[in-house]
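This report refers to the structure that appears directly beneath it.
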Amino acid sequence: MVRAAAQTTSRIATHMVIAFALTWLMSGSLALGGLAAVIEPILNVALLPAHEKAWHALGKLARTARGRMLALGLEKLSQTGLHIAVAFGVMAWASGSLAFGGLAALIEPVLNVIVLPLHDRLWDRFGKGVRREIEQNNQNENERNGAYPGQTLVA
């Protein structure tokens with residue numbers, strides 16, 4: 001549970017860094033970068049539960065497996081649209097430029113789609129190393145406690 005919380009926190013931080021870096025690079029302003037890094041994730045966190053609740057209700061209406069898959073696909077497209085709209089709105093509001101808003105709306109989701117799977121892969125690799133280390137420590141502990149091969153004293 002602690003690992004899941006740490007991974008989620010790291011994922012949010014990565015998203016915030018992407019928003020900050022993109023806004024800072026586009027505007028040249030650290031203040032606008034910081035503003036975007038804070039406001040954009042907060043809006044997404046605030047809006048996504050209502051979005052998911054609405055789509056969950058619509059998904060219940062699907063009577064077939066094909067209908068449920070279609071509803072899921074439409075939900076993901078809608079979720080992407082929500083992220084694009086939030087990125088556009090925050091950047092256009094912060095910079096006063098529709099062009100910056102449009103550029104952010106195009107680039108920020110693409111960067112998240114590229115970077116976040118790499119982030120998750122690193123966490124998976126980290127998790128495998130931790131599990132391997134725990135198993136090795138347990139095996140060493142079993143040997144120290146006099147367990148014979150195949151016997152487990154420490155799980």
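Residues whose amide H falls under 5 Å from that of Ser29, counting only those 5 or more places apart or on a different chain, are absent, with hydrogens built in the peptide plane. Each of Glu52 and Thr8 was given a label point 7 Å from its Cα along the Cα-to-Cβ line. The distance between the two points is 0.8 nm.
With contacts taken as Cα pairs under 8 Å and at least 6 residues apart, the range 1-100 reaches a relative contact order of 25 percent. Based on alpha-carbon atoms, the Kirkwood radius and the radius of gyration of the range 1-106 give Rg/Rh equal to 1.08.
For the pair Arg125 and Met69 in one chain, pulling the backbone fully straight at 0.36 nm per residue adds 17.1 nm over the alpha carbon distance.
Values in this text are rule-based calculations from the coordinates and carry no lab data. Predicted model, so just to flag it, every value in this text is computed and none were measured. Here Cβ is always computed from backbone atoms with ideal geometry, including for glycine, and neighbour counts include all displayed protein chains.
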